[in-house]
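The values are calculated or read from the model by the stated rules, or taken from the named source; none is laboratory data. Nothing here was measured: the structure is a model prediction, and the numbers come from that model. So basically every Cβ, Gly included, is an ideal-geometry build from the backbone, and we count neighbours across all protein chains shown.
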Amino acid sequence: MTTVPARIEDLPRLQAQRRTLIVLVAAQVLSGAGLAAGVTVGALLAQDMLTSTSLAGLPSALGTAGSALAAFAVGRISQTRGRRPGLAAGYLAGAVGSAGVIAAAVAGNTVLLFLALFVYGAGMSTNLQARYAGADLALPARRARAVSTVLVATTAGGVVGPNLTTLTGELARTFGIPSLAGPFLLAGTAYALAALVLAIWLRPDPLLLARTLEAERTAVARAQPGGTRGLLPPVAERHRFSVFVGALVMVLTQLVMVAIMTMTPVHMQDHGHGTAASGLVIAIHIGAMYLPSPLTGWLVDRYGRFTIAAASALTLLAAGLVAASAPGGSVTPLAVALALLGLGWNLGLVTGTAIITDAVPLATRATTQGLVDVSVAIAGATGGMASGLVVAGAGYPLLAIGGGILALAIVPAVAAVRSR
């Protein structure tokens, strides 16, 4: 009978971690393309079907609301059965939602569109939940870098996807589908393939293996004289406030990012830019959301979680100021603003993920992470829904500035946890 190694430094664990990251990277490349579809044309499709700018943020709100439910479901499935079935189910739901959006666009049915966008949000949530799987087997000193490896893989699909907006729109028209629904053809295929990759190759399951190794380590420690002194006390006694701060960092960065990102294509269209220009800006934004991840992971591991959390707030403030001052007819300043917006989100997400994973024991890790991502998704839904109302009532510049200022709430939270 093969025994499970007790030491986390043993080769089987390292081999399993490498395999896990390879499989997750492959799935993230695919899911990135699915993620980009709703970001690029979701608001434009709703505006076209509803003929109302004030409700253009509704697709983003519905998608992120759906991702909230999916975050809870994926977390629960992962906790009881492992990461593989949880993530695969989430991506499959995203594929079903993509098909529903296409059907709604063909039928001109707004109720079906909203329902499908809600289901489509499962793919967005699962794309983010995958980062936790990358950290399950990672050593604490390299945890942020493991998270960043999974995140950066989204870049390929996330950057290519928006730039295929015109091509997928033309393809859709050949099938009698409205051109704005074209990117969801790509999304449905990409999400389905990501689910297939995980279902077949994510073995051994990283969370289940991490639990086994932790149980072995604990048993060995208890068997040694004085060994229980090295065991960590429960999270409620040690890191409850850290969990709150980690969640707050991710909630605020998600809210600000979604709000500004959602209305940027609408703002550009109102100033005469086509889908190609908005697709380019969103591609730059998504690239900035994921491409800096390796550097972010290194910075978080090297300089500490809370220092980089504060940096994320300042970066989001800069993004809001640049977006607010950008001339409506110029693409370049908006591209710079959306790049800063993506970078600020990346800094906050990697930092918050590392804080949460550090603080929560394996026994409750997946459930807690799922609940935190529910809060993140609700924040995104709030930002997406409110963004259209703010722009309709006060304009895009006020939305951008307000978002940047809101992000500064991260700084006192970081100061408070450091003082503890």
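Within the option set 360, 372, 390, being buried (at least 18 other Cβ atoms within 10 Å of the Cβ), at pLDDT 90 or above and either of a type in the set (Ser, Thr, Tyr) or closer than 24 Å to residue 140 by Cα (or both) holds for one residue only, 372.
Figure legend. Inter-residue proximity from region 142-164: first residues within 15 Å of residue 285 (Cα to Cα), second residues modelled with pLDDT under 75 and assigned to a helix (DSSP H, G or I), beta-carbon distance below 7 Å, spacing 6+ or different chains. Indicated pairs: 157/36; 158/36; 161/36; 161/37; 162/36; 162/40. Checking each residue in region 3-51 for being hydroxyl-bearing (Ser, Thr, Tyr), out of contact with any helix residue (DSSP H, G or I) (no Cβ under 8 Å at 6 or more places or on another chain) and modelled with pLDDT under 65 picks out only 3.
Residues in region 238-267 that are within 18 Å of residue 59 (Cα to Cα) and more than 16 Å from the chain's Cα centre (by Cα) were compared, and the one that is surrounded by the fewest Cβ atoms within 10 Å (Cβ to Cβ) is 266. Taking residues in region 400-420 that are assigned to a loop (DSSP other than H, G, I, E, B), and partners anywhere that are surrounded by fewer than 19 Cβ atoms within 10 Å (Cβ to Cβ) and not aliphatic (A, V, I, L, M), the pairs with Cβ atoms closer than 9 Å and at least 6 places apart or on different chains are 420/241. In region 71-81, the count of residues that are closer than 22 Å to residue 376 by Cβ, at pLDDT below 75, among the small types (Gly, Ala, Ser) and surrounded by 22 or more Cβ atoms within 10 Å (Cβ to Cβ) is zero.
Residues that are touching a Ser or Thr at 6+ places or on another chain (Cβ under 8 Å) and either over 16 Å from residue 292 (Cα atoms) or surrounded by fewer than 19 Cβ atoms within 10 Å (Cβ to Cβ) (or both) within region 314-348 comprise 323, 333, 334, listed in sequence order. One residue stands out in region 205-217 among those that are touching a helix residue (DSSP H, G or I) at 6+ places or on another chain (Cβ under 9 Å) and not charged (D, E, K, R): the one that is farthest from residue 83 (Cα to Cα), namely 213.
Go through region 382-398 and give me each residue that's more than 22 Å from residue 50 (Cα to Cα) and of a type in the set (A, V, I, L, M, F, W, C). Talk me through it step by step, then tell me what you get.
Pass one, region 382-398, residues more than 22 Å from residue 50 (Cα to Cα): 397-398.
Passing the criteria: only 398.
Restricting attention to region 316-333, the residues being farther than 15 Å from residue 258 by Cα and either among the hydrophobic types (A, V, I, L, M, F, W, C) or touching a Gly at 6+ places or on another chain (Cβ under 8 Å) (or both) number 7.
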